[in-house]
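*Asks:* Here's a structure for you.
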Amino acid sequence: MRFCILGSGSSGNSALLQTAGATVLIDAGLSARRLGQLLAEHAALSLDKIDAIFLTHEHGDHCAGLDGLRKHPHIRLYANEATARAIQAKLKHRPHWVHFETGARFAYRDLEVTSFSVPHDAQEPVGFRFECGDQAVVSLTDLGYAPANVRAQLAEADILVVEANHCAELLKADPKRPWSLKQRISGRHGHLSNAAAAELLAATANPRWRHLFLVHLSRDCNHPEAVATALAPIRAQLPPHCEVTILAPGEASPLLDLSTAHNDDAPSAAAAAAEGHSDSLSPTVEKPSFPFPSPSYS
Ligand SMILES: [Zn+2]
Ligand SMILES: [Zn+2]
């Protein structure tokens with residue numbers, strides 16, 4: 001299993017998941033051109049190799065690339081009916097939709113896919129769990145809080161992707177956003193704050209976790225350092241071998257290849273530190289050359 005986050009945050013969310021039998025994206029919130037560049041750069045793949053895209057919800061930062069993907073009509077779009085309808089209303093073409101029922105588990109090639117509903121300001125937003133053999137990826141972004149059904153999905157994951165959208169203090173102090181928007185972002189159908197993400201991780205920590213990505217950071221109201229600070233008090237509750245990566249807005253992760261990892265031989269914290277993956281939280285540095293659109297609620 002190979003996995004790579006191609007981008008996250010308001011500038012566009014998308015992740016690549018590749019198994020022996022399937023090459024899929026989770027969301028397509030970057031332009032098709034940019035997705036093609038990132039796939040080539042990080043995974044030596046082209047858009048022609050993408051079989052399907054699994055869509056969480058209709059916000060532009062998760063589906064803005066779909067119009068440009070009309071040149072790749074072989075790509076199947078998987079979404080629940082409400083999300084598909086909301087996205088289709090914004091598209092100029094009709095892609096090949098495949099609907100799933102939220103909460104149902106279904107097979108896609110060699111993947112077992114489970115969607116689960118999340119509280120967010122969209123038609124029928126979901127998170128995803130993908131399993132292949134004994135490996136699992138859980139992707140959880142765009143939610144105001146984590147109810148019990150969400151928490152239940154987090155334990156059994158080798159790779160866990162969780163939103164840490166904003167620092168509550170930075171959001172409160174932000175001069176650009178009106179009060180009503182701040183209320184939406186921090187509300188029960190908005191986004192997880194750093195503190196909420198830390199609480200969720202501490203409450204659901206599982207020895208199986210090997211890679212944890214904190215993503216969807218707000219450009220104006222968060223910073224990798226602020227996420228690291230929020231996670232520091234709960235770091236001891238995470239498995240010592242779990243590598244934690246905090247992705248700056250717009251930043252891609254390195255490509256993970258779990259087929260070369262040894263599940264029964266988790267590296268010690270000392271060994272991980274020797275490899276440069278210290279068990280301390282090491283936020284990655286923003287790349288100023290990356291183009292970002294102006295901030296918007298997503
Ligand atoms: Zn989003
Ligand atoms: Zn959203």
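Laboratory data are not the source of any read-out in this text; all were calculated from the coordinates shown. Keep in mind that this is a model prediction, so the values were computed, not measured. A quick note on method: Cβ atoms are made from the backbone with ideal geometry, for glycine too, and the neighbour counts reach across all protein chains shown.
*Asks:* Tell me which residues, restricted to the range 101-146, are within 12 Å of ligand 1 (Cβ to nearest atom) and among the β-branched types (Val, Ile, Thr).
*Replies:* 118, 141 - these are the residues of the range 101-146 that are within 12 Å of ligand 1 (Cβ to nearest atom) and among the β-branched types (Val, Ile, Thr).
*Asks:* Sticking with this structure for a sec: Out of the range 191-209, which residues are surrounded by fewer than 22 Cβ atoms within 10 Å (Cβ to Cβ), in contact with a Leu (Cβ under 8 Å, 6 or more places away or on another chain) and part of a loop (DSSP other than H, G, I, E, B)?
*Replies:* Within the range 191-209, 205, 206 qualify.
*Asks:* Further question on the same structure: Which one of these is touching a residue at least 24 places away in the same chain (Cβ under 8 Å) and over 21 Å from the mean Cα position of the chain (by Cα): 177, 208, 184?
*Replies:* 177
*Asks:* Same structure again: If we keep just the residues of the range 40-70 that are part of a helix (DSSP H, G or I) and closer than 24 Å to residue 112 by Cβ, which is nearest to ligand 1 (Cβ to nearest atom)?
*Replies:* Only one residue fits best here, namely 62.
*Asks:* Condition check: more than 25 Å from residue 112 (Cα to Cα), more than 16 Å from ligand 1 (Cβ to nearest atom) and among the small types (Gly, Ala, Ser). Does residue 82 satisfy that?
*Replies:* Taking the combined requirement at face value, the residue does not satisfy it.
*Asks:* Need pairs with beta-carbon distance below 7 Å; first residue within 16 Å of residue 14 (Cβ to Cβ) and within the range 66-94, second part of a helix (DSSP H, G or I) and among the basic types (Lys, Arg); sequence gap 6+ or separate chains.
*Replies:* 68/33
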